[in-house]
Amino acid sequence: MHKLIIKIFLFSVLISCSKSEDSLINPDGITDHEITSHSNNRVSSLLMTKSEYRDWVNNDEFRNSDKRKSLTNDLYKKYADKYDFIFFILNEPSIPENLSYYGMLVGVSNNIQGTGQEIYDYSLDYGSNGKLKAVMQLTGLEYLRNGPALHELAHNWANFGIDTHYINGPGTGITSFNYKPHWGFTGGSSRGQLGGFDQSTLVDNGNNSYTVNSFGGFANGGNGIPFNELELYMMGMIPSSQVSEFDVFTEITSFSSGSNKFNFTANSRKTYDSQVLENLLGKRVPNSKNSQKNFKILAVVITDTPLSDEEWNKVDATAEWFSKKGEDESSLYNFWEATNGIGSIDIEN
C-alpha cells in the first residue's frame, strides 16, 4: 500500500536552552492562523487560506524547512512546549496525487547515544526549547489509524547505524544498494515496521542461496504489525539482551518470488547478536531501564476549510484509539500494543 518514502532527517550542532519546557514561547497567544482545539482536547486544526493550503500540498512545502518551521513556531504561540512530536495531518480522504509519500518524519533533536545517530538539537528554530524530537506529516485523515504512523515514529530511532541493502526488482546478475534508514534484507523477531523479514522463516539452501517468507523492504503493512525486537531496542523499550539473533544480507545478486516465498542469493551475510550490535553502535544511553517510555504528541489537522463535525469526530476518535493504553480489539496496532505495552502516548492539546 505504500509508495516509496524518502526520509529527510535534519542534523545540527547542539543548542543549549534554559527555559521551562512547559512555558509558552510567545505568551501573547496571537497566531498567524486560526488554530482550533477539539472539545475533548486531543486534536487541533490549523486553518490555511485556499491558496496557502494549495501551495502546501502541491509544492510539498512540508519538505521546505522554512515553511515547516514557520508553522510549528505558530503552534507554539498557542500551545506549551511540552510535546515530543508534532503530527501534521492533511484533511484529505487519501494521499494527494502529486505527493510521493503517505507519511514523512523529520528529525528535530536527538540526545540518545548508541543508535547510530549524532547528538543534535535544532529545536529552537522550530519554536521549542529542546523538548521537540521530530515533526511528522501524514497525507490523509485516516493515516494515523491505518498507518504509516507507527512506521514514521520508528524512524525517530532507526535505522541510522546498520548498513542494509535492497534491490530494484527480480532478476539475475543484479546489484543491491544501501537502503538505510530501512531494513531491506534484514531479519528480525518478526517483520519490522521499517521492512525486513521474519528470521525464523529463513532457509539456507547453500552456495549463498536463501529462501524466506515474503516481506517488504521498507514497510510491512502500515499499522497492521507491531514493532519487532530490534526496533523496540532502538526505541529504548527493551535491552539488547532481548534482541534475538538476526542476519543482514548485502551484495544481493539474484532475486525471484513465488508462493509467498522470496528466493535470493547474497555474497554477504552478517549475523548480529546483542554483543555485535553494541560493538557496532555502542551501548544505548539512556538504556532501557532509564529511557523515556511515555511521549506527548500534538496532532494538528491542516485544512483549508473548517472541519465538519464528522471530520472532527473521526480524527478525535482516531487519536483516542492510537493513544489508548490497552488492547483495541481490532486487527491494527495502537502504539501501546505495538510496543507490547511497554510504551505509551498521550495525544493532547
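The number of residues in the stretch 261-318 being assigned to a strand (DSSP E or B) and under 21 Å from the mean Cα position of the chain (by Cα) comes to 10.
Of the residues making up the stretch 333-345, those that are surrounded by 19 or more Cβ atoms within 10 Å (Cβ to Cβ) and either part of a loop (DSSP other than H, G, I, E, B) or among the β-branched types (Val, Ile, Thr) (or both) are TYR333, ASN334, THR339, GLY343, ILE345.
In the stretch 220-247, the residues that are at positive phi form Cβ pairs under 6 Å with partners that are in a loop (DSSP other than H, G, I, E, B), at six or more places apart or across chains, as follows: GLY222/GLY147; GLY222/PRO148; GLY236/SER288; GLY236/SER291. None of PHE262, PHE295 is in contact with an Asp or Glu (Cβ under 8 Å, 6 or more places away or on another chain) and surrounded by 14 or more Cβ atoms within 10 Å (Cβ to Cβ) except PHE295. Test THR253 against the criterion of being more than 23 Å from the chain's Cα centre (by Cα) and not assigned by TED's automatic domain parsing to the domain that holds GLY169, and give yes or no. In short, no. Of the listed requirements (1) modelled with pLDDT of 95 or more; (2) in contact with a strand residue (DSSP E or B) (Cβ under 9 Å, 6 or more places away or on another chain), TYR333 misses just one: (2). Look at GLY217 and say whether it is within 19 Å of PHE255 (Cβ to Cβ), in contact (Cβ under 8 Å) with a residue 24 or more places away in the chain and assigned to a strand (DSSP E or B). Here the answer is no, as GLY217 does not meet what is asked. Evaluated against (1) touching a Ser or Thr at 6+ places or on another chain (Cβ under 6 Å); (2) surrounded by 23 or more Cβ atoms within 10 Å (Cβ to Cβ), ASN208 falls short on exactly one condition, (2).
The sole residue among ASP304, ASP247 that is at pLDDT 95 or above, among the acidic types (Asp, Glu) and touching a helix residue (DSSP H, G or I) at 6+ places or on another chain (Cβ under 6 Å) is ASP304.
Yes/no matrix, rows are residues, columns are (1) among the aromatic types (Phe, Trp, Tyr); (2) over 19 Å from the mean Cα position of the chain (by Cα); (3) closer than 24 Å to ASN260 by Cα; (4) not assigned by TED's automatic domain parsing to the domain that holds GLU118:
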| residue | (1), (2), (3), (4) |
| --- | --- |
| GLY147 | no, no, yes, no |
| PRO170 | no, yes, yes, yes |
| SER190 | no, no, yes, yes |
| LEU194 | no, no, yes, yes |
| ASP204 | no, yes, yes, yes |
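Pairs linking a residue in the stretch 108-123 that is in contact (Cβ under 8 Å) with a residue 12 or more places away in the chain and farther than 20 Å from SER65 by Cα to a residue that is β-branched (Val, Ile, Thr) and outside any strand (DSSP E or B), with Cβ atoms under 9 Å and 6 or more positions apart or on different chains, are ILE112/ILE119; GLN113/ILE119; GLY116/ILE162.
A single member of LEU153, LEU132, LEU141 is in contact with a strand residue (DSSP E or B) (Cβ under 8 Å, 6 or more places away or on another chain), within 20 Å of SER331 (Cβ to Cβ), in a loop (DSSP other than H, G, I, E, B) and modelled with pLDDT of 95 or more, and it is LEU141.
Taking strands (runs of 3 or more DSSP E) as the structural unit, those lying wholly within the stretch 41-114 and holding at least 3 residues that are surrounded by 21 or more Cβ atoms within 10 Å (Cβ to Cβ) and either under 19 Å from the mean Cα position of the chain (by Cα) or β-branched (Val, Ile, Thr) (or both) correspond to 85-90, 103-107.
The values are calculated or read from the model by the stated rules, or taken from the named source; none is laboratory data. All of these numbers come straight from a predicted model, not from anything done at the bench. Please note: Cβ atoms are built from the backbone with ideal geometry, for glycine as well, and neighbour counts cover all protein chains shown.
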